[in-house]
Structure formats: C-alpha cells, structure tokens
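Peer 1: Sharing a structure with you now.
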Ligand code: AHR
C-alpha cells in the first residue's frame, strides 16, 4: 500500500530550537561515574578525566545542552560538597539511586569543564526540596559573578578566576514528588521566592525554568501559570513511555507485538500532553514567550537483569529508535512551544544514546536516530500532511480493565507514520539553495511501506535526494559491546519521481531521514 506525505514548502512555521535535542546527566548509576567521568588517572582514554569516546559520541550529535546534577539527585545536592580539593569533599549517600556512596568528585568545576569539552550549553538544576535560598543564591554567584565577592573569591581559590556562562537554571525538580511532595500552590510560592535569588549578573542572562507537571497533571500547570507565569522563561514537563503499567515495568526487550504497540501508543501520548498543557499555557501566555521544557523523556523499562535496580540500566533496541523518532517528530511539530527537551539519560541510564562498560562503548539505536535528526536543529519547521493507514493489534485483553476484574478486549492502534520536515540553507559546497530534511518513523511491526513524499511549491527543482534508515532484524534488536553494528544508520534508496516528488520503501519498524537539496 502506498502512503503519501505532502510538505508545503511555503508553509514555514517555527524555528526548531536546537535545544530540543538536549541531554540529561544525573548522579545516577553509571551516567556520570563510569559514563562521562572516568577520572584523570584512569587507564581509559580521557580528556581531563572525561571519557574521550563518550565526549566524541555526543559531539558528533551536536549536543546543544546538558542537564545536571538531577533529577531527584538535584533536590538533595549541596553544591559546596562538590568543590575544592577532592580529598576534602563530603561523602554522602545517594538515597534515591541505589544507596551508594557519592564522593562528590564530580562537581561544579567538572560539570562546566564537561560542557566546555562538549561545546554545549549548561543546564543546572537547583535544590528546592532540601536546599536553602542562600545556597541557591550563592551557587549562582559562584558560577556567574565576575566582580569581587565571597563566592567569586572562593571560585578563584579553587582554580577558576573567570565566571562561567550559565544558560539554563531549573528551580527544583519534580517538586510534586521526590522533590518535596508539594502542592502546586505551595511550590508556586516557593518558585516565586527562590527564583528571585537566581540573579542575572553582568551579561549572563539565565533562562529560569519552573518545575512543571508530572504527565497529565494539568492542574499543576494551571496553578503554576496562574501564580508565576511572569517570573519564568520555561515550564518543565516530565513524561516517560513504558510498556505495561508504570507500577509494573516490563523488560526493554522480549516484548510481544501487543507490547510493541502499547509502547508506540505511549510514545504518541506525548503529543496529547504537549497540546493539553500547551492550551493552559496559551491562556496565560498567548504569545508563547514561555518555553515548554520537556526536560525528562524517553522509555523507562524494568532494570536489566543482574544490575543494581537503583541504577536504571536497560537495553536499547529498535523499539527505542522508534520512540525517539516519534517523540522528536512530535517536538519538532510543536516547536512553537517546546523549545528545550532532554532525553533521559545520556549514558548508561534509561534510554541512553551511549552505553559504556569499562573502556568499551556502544552507540545505541537511539544514538543513530539522533544522528539522523541532527540537521533539524535550528532549521525551520514546514507544514506537513500525511495520508497513512493505522497499524496495531485488535482484540487483545485490556489490561487496565482486567486489573479492575472486568473482562474486555481492546484495540491497540497507532498512526502508521510519524513525520516532521524542516528547511535550512543548503551547505555552501552544494550548488543548491535549500536543504530539506524529512524524518519518518514507521511504527508498523510487520509491513514495509512505499512512501511518496511531495515537496509542494518548491522554488526550483529537486537537485538531489538521499536517505538513511535505522532498523534491525527484529523489533527488539540491540547493539551489544561485542556486536555494535546490528542497528546503525544505513543508506536507503530514494527514487526521484519528478521535480518535487521522491519515494522510498521504508521497512517495518524503521526510522528514515530523507535529505533533499533543491
Ligand atoms: O530520570 C530518572 C528520574 O526520573 C529522575 O531523577 C527524576 O526526576 C524522574 O522521576
């Protein structure tokens, strides 16, 4: 069956903020320690203590920003424990993540050094849950103040005279839950108070992000916007996709076809969440000044067997590639409101683009999709319409109903295709004027699709068209340390039909990126 996508090249929409392609590094399991950070004395090739191969993998993705130190960890992190001579740094318990000892050897200086190596913007998340206003105030002064002050002197005494540039600052994390179990009214008041002390020193303009809702808690968004919208630049949203029930997580691989479609359906839910939280934001901010910041997203499966359950290690398969492809298309298509997002998490935790084991590293299917999509960063979103069939499974037992003792069957269907398209200037070395990137995810577990893509109202003609595809033999094929190339970005044939139309044959459970120069 032929599917068709029409891209209206005259319907130019919002600019896709590069920061939608951000990452998240928490002090959790082996994301920082053994992931980004191996220490200067490690036998693993490193740049000032940062794992060289990991840094290179993220540079290759043009990583725009990195969020740190949490997550839940942020609300029990006291930044002064992580500065100064390493041997004097306080050792603490990481209560949220496995109860392991945190020796604070990775702190403020190491984080900003990492962002320098990666060439990305720092996104620091502050402590509202268990931290004081003075502590937050002094952290900002320590990081960004260039004149003479107690904190700038302390920074200099630790070897850094110049301040750093701080782009994003989150005022707390999940304060409805692990960040303090607050009611939205209470957090809104705290937000107003804490953010006052997130000072704007000199040229440094900090983008202040208020802690937002959990999934579909629309009341949280309503209360925050009503009580504090004029004091925020961004409002966050956290949403993880999963297979079965949040309380009963299933493994990352070995799922059934029903499981696959449930995961796809959960990934698509992001669209509804953005629309509905966005409608509330529109009431108070019709001009969309405030960014929706989806600073935690991705698949959350059961911990990989044999690992510390508190470390949230999971495999990353073709299924994760699809969820990344669908979610990033959703973000692109909502880029008028969604301007920052962070995949959880960067290395060895949840849906990671990069996994490490000692000196070994593997790029996951998710990494390859991020690589396919990277030219969307900073491009202009174009209007798309797609005519596609739905895919899924019918008459499977409805687990929500059966939990309540009811016997009922459900149909788990999802749109067969997810699409976004953008335009930017063509690379100088090509003779073309414009470069179009069309990214397409085919969630159909079994059927490949012939897809015709029409670039309507093209100014000129198609000069060249190329495509890549990320897929694997099975829905849950993974890359391992031994065989890292089971799921990689491969060339896909593109047929040029006429001056404005191309077609591809997209395999089942696959993500394609079609680049057209015109
Ligand atoms: O990403 C893992 C955890 O998920 C984060 O620490 C927390 O913010 C969320 O609940």
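Peer 1: Does the range 327-386 hold any residues that are within 16 Å of the ligand (Cβ to nearest atom), in contact with a helix residue (DSSP H, G or I) (Cβ under 6 Å, 6 or more places away or on another chain) and in a loop (DSSP other than H, G, I, E, B), and which are they?
Peer 2: 351, 353, listed by residue number.
Peer 1: Okay, moving on. Mind checking which pairs have a first residue in the range 407-422 that is over 21 Å from residue 448 (Cα atoms) and a second that is at pLDDT 90 or above and not in a strand (DSSP E or B), Cβ under 6 Å, 6 or more apart or different chains?
Peer 2: Between residues of the range 407-422 that are over 21 Å from residue 448 (Cα atoms) and residues that are at pLDDT 90 or above and not in a strand (DSSP E or B), the close pairs are 422/16; 422/376; 422/379.
Peer 1: Select from the range 136-147 the residues that are surrounded by 20 or more Cβ atoms within 10 Å (Cβ to Cβ) and touching a residue at least 60 places away in the same chain (Cβ under 8 Å) and list them in ascending order.
Peer 2: 136, 139, 140, 141, 142, 144
Peer 1: Let me ask another. Check whether at least one residue in the range 279-299 is touching a helix residue (DSSP H, G or I) at 6+ places or on another chain (Cβ under 6 Å), surrounded by fewer than 19 Cβ atoms within 10 Å (Cβ to Cβ) and not in a loop (DSSP other than H, G, I, E, B), and report yes or no.
Peer 2: Among the residues of the range 279-299, at least one is touching a helix residue (DSSP H, G or I) at 6+ places or on another chain (Cβ under 6 Å), surrounded by fewer than 19 Cβ atoms within 10 Å (Cβ to Cβ) and not in a loop (DSSP other than H, G, I, E, B), which makes the answer yes.
Peer 1: When residue 402 is evaluated against the numbered criteria (1) touching a strand residue (DSSP E or B) at 6+ places or on another chain (Cβ under 9 Å); (2) within 30 Å of residue 314 (Cα to Cα), which criterion, by number, is the only one it fails?
Peer 2: Unmet for residue 402, out of (1) touching a strand residue (DSSP E or B) at 6+ places or on another chain (Cβ under 9 Å); (2) within 30 Å of residue 314 (Cα to Cα): (1).
Peer 1: Which numbered condition in (1) at pLDDT 95 or above; (2) closer than 22 Å to residue 344 by Cβ is the only one that residue 245 fails?
Peer 2: Failing condition for residue 245: (1).
Peer 1: Give all pairs with beta carbons closer than 9 Å in which a residue from the range 84-108 that is in contact (Cβ under 8 Å) with a residue 24 or more places away in the chain and more than 13 Å from residue 29 (Cβ to Cβ) meets a residue that is within 15 Å of the ligand (Cβ to nearest atom) and part of a loop (DSSP other than H, G, I, E, B); count only pairs at least 6 apart in sequence or on separate chains.
Peer 2: Between residues of the range 84-108 that are in contact (Cβ under 8 Å) with a residue 24 or more places away in the chain and more than 13 Å from residue 29 (Cβ to Cβ) and residues that are within 15 Å of the ligand (Cβ to nearest atom) and part of a loop (DSSP other than H, G, I, E, B), the close pairs are 106/27; 106/32; 106/69; 107/69.
Peer 1: Scan the range 336-347 and tell me whether some residue there is more than 21 Å from residue 71 (Cα to Cα) and buried (at least 18 other Cβ atoms within 10 Å of the Cβ).
Peer 2: Yes - at least one qualifying residue is present in the range 336-347.
Peer 1: If I ask for residues that are within 14 Å of the ligand (Cβ to nearest atom), assigned to a loop (DSSP other than H, G, I, E, B) and surrounded by fewer than 18 Cβ atoms within 10 Å (Cβ to Cβ), which ones from the range 171-226 would you list?
Peer 2: 177, 181, 215, 217, listed by residue number.
Peer 1: Pairs, please: C-beta under 8 Å, at least 6 apart or cross-chain, first residue on the phi > 0 side of the Ramachandran plot and in contact (Cβ under 8 Å) with a residue 40 or more places away in the chain and in the range 16-37, second within 13 Å of the ligand (Cβ to nearest atom) and assigned to a loop (DSSP other than H, G, I, E, B)?
Peer 2: 29/97; 29/98; 29/312; 29/313; 29/348; 29/349; 34/348
Peer 1: Moving to a separate point now. Could you please find all residues in the range 117-135 being crowded, with 20+ Cβ neighbours inside 10 Å and assigned to a loop (DSSP other than H, G, I, E, B)?
Peer 2: Result: 120, 126, 127, 128, 129.
Peer 1: Can you go through 125, 115 and tell me which one is within 22 Å of residue 64 (Cβ to Cβ) and touching a helix residue (DSSP H, G or I) at 6+ places or on another chain (Cβ under 9 Å)?
Peer 2: Result of the check over 125, 115: 125.
Peer 1: Okay, next question. How many residues are out of contact with any helix residue (DSSP H, G or I) (no Cβ under 7 Å at 6 or more places or on another chain), within 29 Å of residue 320 (Cα to Cα) and in contact (Cβ under 8 Å) with a residue 24 or more places away in the chain when one looks only at the range 480-500?
Peer 2: Residues that pass the stated criteria total 7.
Peer 1: Here are some conditions: (1) buried (at least 24 other Cβ atoms within 10 Å of the Cβ); (2) within 16 Å of the ligand (Cβ to nearest atom). Residue 7 meets all but one. Which one does it not meet?
Peer 2: Condition (2) is where residue 7 drops out.
Peer 1: Which one of these does residue 82 not meet: (1) more than 16 Å from the ligand (Cβ to nearest atom); (2) more than 27 Å from residue 365 (Cα to Cα); (3) crowded, with 20+ Cβ neighbours inside 10 Å; (4) within 24 Å of the chain's Cα centre (by Cα)?
Peer 2: (4)
Peer 1: Sticking with this one: Would you be able to tell me the number of residues in the range 300-316 that are under 22 Å from residue 271 (Cα atoms) and crowded, with 24+ Cβ neighbours inside 10 Å?
Peer 2: Going through the range 300-316 one residue at a time, the tally reaches 1.
Peer 1: Determine whether residue 275 is out of contact with any strand residue (DSSP E or B) (no Cβ under 8 Å at 6 or more places or on another chain), in a helix (DSSP H, G or I), modelled with pLDDT of 95 or more and away from the ligand (no atom under 16 Å from the Cβ).
Peer 2: Answer is yes for this residue.
Peer 1: Return yes or no: is residue 63 part of a helix (DSSP H, G or I), within 17 Å of the chain's Cα centre (by Cα), more than 16 Å from the ligand (Cβ to nearest atom) and modelled with pLDDT of 95 or more?
Peer 2: Here the answer is no, as residue 63 does not meet what is asked.
Peer 1: While we're on this one: Evaluate the following for residue 100: is it more than 22 Å from the chain's Cα centre (by Cα), within 16 Å of the ligand (Cβ to nearest atom), under 19 Å from residue 73 (Cβ atoms) and crowded, with 16+ Cβ neighbours inside 10 Å?
Peer 2: Judged against the criteria, residue 100 is a match.
Peer 1: Could you list all residues from the range 66-79 that are away from the ligand (no atom under 16 Å from the Cβ) and assigned to a helix (DSSP H, G or I)?
Peer 2: 79
Peer 1: OK, next. For the range 158-170, how many residues meet the condition of being outside any strand (DSSP E or B) and touching a residue at least 40 places away in the same chain (Cβ under 8 Å)?
Peer 2: Here the count works out to 8.
Peer 1: Continuing with this model, one more query. When the residues of the range 18-27 are filtered to those that are more than 11 Å from residue 68 (Cβ to Cβ) and touching a helix residue (DSSP H, G or I) at 6+ places or on another chain (Cβ under 9 Å), which remaining residue is farthest from the ligand (Cβ to nearest atom)?
Peer 2: That would be 18.
The values are calculated or read from the model by the stated rules, or taken from the named source; none is laboratory data. Everything numeric in this text was worked out from a predicted model, so none of it was measured. Methodologically, a virtual Cβ is constructed for each residue, glycine included, from the backbone with ideal geometry; neighbour enumeration extends over all protein chains shown.
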